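Following: one structure in structure tokens, then a few remarks.
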Amino acid sequence: MLECVINISEGGNPESLNALREKLGPDLLNVHSDADHNRSVFTLAGSDASRVLAREAISMFDISAHAGVHPRVGIVDVVPFVALEPSTFDEAMHARNEFAAFASEELGVPCFLYGPERTLPYIRKHAFIDLLPDFGPANPHPTAGAMCVGARPILIAYNLWLKGSTLDVAKRICAEIRSESVRTLALQVGSSVQVSMNLIAPEVTGPDKVYDAVAQHAEIDRAELVGLVPSRTLAAIPRQRWAQLDLSTETTIEWNLAERNRKLRA
């Protein structure tokens with residue numbers, strides 16, 4: 001089984017986002033939207049729904065009209081394929097390359113690949129400057145921009161909102177806790193500030209560890225999980241901390257896959 005966690009550059013239009021949800025059926029496991037980021041994260045089972053979502057989103061939204069605090073290169077901004085057991089990383093790589101070929105040939109959108117070749121942060125810094133797309137046109141699509149299409153292990157997208165703090169403080173915290181297992185970004189979100197993170201090795205540094213690390217430097221208002229976590233991550237954290245960390249059984253990949261399978265059997 002492959003998981004695909006597509007990041008769409010639209011988070012403030014509930015009517016349009018609901019229309020997207022309805023197109024995806026049981027393969028949609030989770031959606032997280034944020035109007036300030038102007039971004040939505042769709043967690044999908046398998047690879048078929050990814051093409052439906054990409055086609056529909058590109059027909060609905062225009063990157064030239066986009067405004068939001070999160071960095072992006074396109075409407076369908078990030079398309080990572082993740083191998084869940086018993087699938088293999090090679091299968092995720094194959095799905096990645098097939099999707100990039102589809103998006104470039106059928107949708108006319110240039111695609112940058114990430115995974116073994118390069119990281120997603122590298123693409124964000126170099127796209128169309130000294131890095132050309134791996135698939136598709138050499139210039140951005142006029143309304144869709146470009147796509148970053150990847151194959152990666154499971155990661156956890158996680159935000160911590162700081163109480164009564166400043167962006168400068170959040171930047172210092174990001175620099176302090178950034179590591180090989182934690183990518184960080186300080187964001188001004190409305191009147192609040194946020195330490196936005198990708199926990200790229202959650203078996204090394206999970207939500208509880210980054211929460212405690214940030215709490216050493218600033219008071220935390222709340223935690224926010226973006227998407228889903230593997231059940232082994234949840235099992236490694238004391239149950240009494242789950243609510244504080246915005247975690248629950250229902251936020252695991254496994255629970256949501258079981259719900260999908262139940263719907264398919266119904």
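Things worth noting here:
- For q = 0.09, 0.16, 0.20 Å⁻¹, Debye-computed log10 I/I(0) when each Cα of the stretch 2-151 counts as one equal scatterer: -0.24, -0.80, -1.28
- Extension gain from GLU106 to ALA65, taking 0.36 nm per residue of separation minus the Cα-Cα distance: 12.5 nm
- Under 28 Å, Cα to Cα: Lys pairs in the chain, sequence gap 8 or more or different chains: 5
- Taking 7 Å steps out from each Cα toward its Cβ at LYS171 and GLN216 produces label points 2.3 nm apart.
- Computed over the alpha-carbon atoms, the stretch 87-184 gives an Rg to Rh ratio of 1.07, Rh here being the Kirkwood radius from the mean inverse distance.
- When both bridge partners sit in the chain, DSSP labels roughly 80% of those beta bridges antiparallel.
- Unit Cα scatterers, Debye sum, the chain: log10 I(q)/I(0) for q = 0.08, 0.10, 0.13, 0.15 Å⁻¹: -0.31, -0.49, -0.85, -1.16
- Virtual spin-label span in nm between GLN188 and ASP48, 7 Å along Cα→Cβ: 4.6 nm
- Between the exposed loop cleavage positions of the chain, defined as GluC sites (Glu not before Pro) in a non-H, G, I, E, B DSSP state with at most 14 neighbouring beta-carbon atoms within 10 angstrom, the longest gap is 1-116.
- Placing +1 on the Cβ of every Lys and Arg and -1 on the Cβ of every Asp and Glu, with nothing else charged, gives the stretch 156-256 a dipole about its Cα centre of roughly 120 debye.
- Over the stretch 146-266, the Kirkwood radius and the radius of gyration, each from Cα atoms, give a ratio Rg/Rh of 1.01.
- Diffusion constant of the stretch 209-266 at 20 °C, which comes from Stokes-Einstein with the Kirkwood Cα-pair radius and 1.002 mPa s, µm²/s: 167 µm²/s
- For the stretch 1-59, the spread of Cα positions along each principal axis, largest first, Å: 32, 18, 17
- DSSP loop chymotrypsin sites (Phe, Trp or Tyr not before Pro) with at most 16 other Cβ within 10 Å: longest gap in the chain: 1-127
- 3J(HN,Hα) couplings calculated from phi for the stretch 71-82 with the Karplus curve 6.51 cos²θ - 1.76 cosθ + 1.60 (θ = phi - 60°) are, in sequence order, x, 7, 10, x, 5, 8, 7, 9, 10, x, 9, 10 Hz; Gly and Pro show x.
- Stretching the chain fully between GLU203 and PHE128 yields a gain of 23.6 nm (0.36 nm per residue, less the alpha carbon separation).
- Using the Cβ-Cβ distance between ALA258 and ARG55 with R0 set to 35 Å, the FRET efficiency works out to roughly 0.80.
- Charge tally for GLY12 (other residues, Cβ to Cβ under 11 Å; Lys, Arg +1; Asp, Glu -1): -3.
None of the figures in this text is laboratory data; all of them are computed from the coordinates on show. Predicted model only: the values in this text are computed from it and were never measured. All Cβ positions, glycine included, derive from the backbone under ideal geometry; neighbour counts span all protein chains shown.
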